[in-house]
1. By how many nm would the segment from residue 98 to residue 2 grow when fully extended, if each residue of separation counts as 0.36 nm and the alpha-carbon distance is taken off?
2. How would 53, 27 line up from fewest to most surrounding beta-carbon atoms within 10 angstrom?
3. Computed FRET efficiency, Cβ-Cβ of residue 88 and residue 30, R0 25 Å: what is it to the nearest 0.05?
4. Arrange 73, 9 by Cβ neighbour counts within 10 Å, fewest through most, would you?
5. Does segment 2-128 classify as rounded, prolate or oblate by the C-alpha gyration tensor (a ≥ b ≥ c root eigenvalues; a/c under 1.5 gives rounded; else a/b over b/c gives prolate, otherwise oblate)?
6. Neighbouring Cβ atoms within 10 Å as the yardstick, rank 22, 79 fewest first.
7. 5 Å is the cut-off here: which amide hydrogens, built 1.01 Å from N in the peptide plane, fall below it relative to residue 28, excluding neighbours closer than 5 in sequence?
8. Pull out the extension gain between residue 41 and residue 122, defined as 0.36 nm times the separation in residues minus the alpha carbon to alpha carbon distance; nm, one decimal.
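Bear in mind these aren't lab numbers, they're just calculated from the coordinates by the rules spelled out. Everything numeric here is computed off the predicted structure, so don't read it as measured data. Methodologically, a virtual Cβ is constructed for each residue, glycine included, from the backbone with ideal geometry; neighbour enumeration extends over all protein chains shown.
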Amino acid sequence: MHEENLALMKRAYEAFSTGDLDTIRAIGHEDEVWFTPGLGEFAPEYRGVDDIIEYLVKLAVATDGTFKDEPEMFFADEDRVTVIERVTAARKGRTLDTRIIHVYDITDGKVASVTEYDAEPKKVEAFWS
């Protein structure tokens, strides 16, 4: 099962990197929940796949398309995938280069929830402020 979950998340990251929102929509549960630190103009929680898609689009818009999320390491067990990522972006004369961790809970072959942890919260907060 964990191999299937890894493949699912690798597919999701590829879709995000190419702007394939249909694939992102297809891999998420209809009632998926995404928990973030809730910085700047972003809410701390997004509910439902449409709300999550809006959030991801907002990241791109707020950074004039410079937001990049590159997975560096994947870890998986039976119902969870954890990904360490390098995130880079630019906005309002500021740049961001940091690492974050996403923990994905997988149910019935789809993402049920995502929890985001920032490695450098003050740096990320300054970028989004």
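1. Roughly 31.9 nm would be gained on extension.
2. Lowest count first: 53, 27.
3. The calculated FRET efficiency here is 0.20.
4. On the way: 73 10, 9 21.
With the fewest neighbours first, 73, 9 line up as 73, 9.
5. Working: a/c = 1.70, a/b = 1.50, b/c = 1.14.
Judged from the Cα gyration tensor, segment 2-128 comes out prolate (a/c at least 1.5, a/b above b/c).
6. 22, 79
7. Distant-sequence amide H within range of residue 28: 111.
8. Fully extending the segment from residue 41 to residue 122 adds 27.6 nm.
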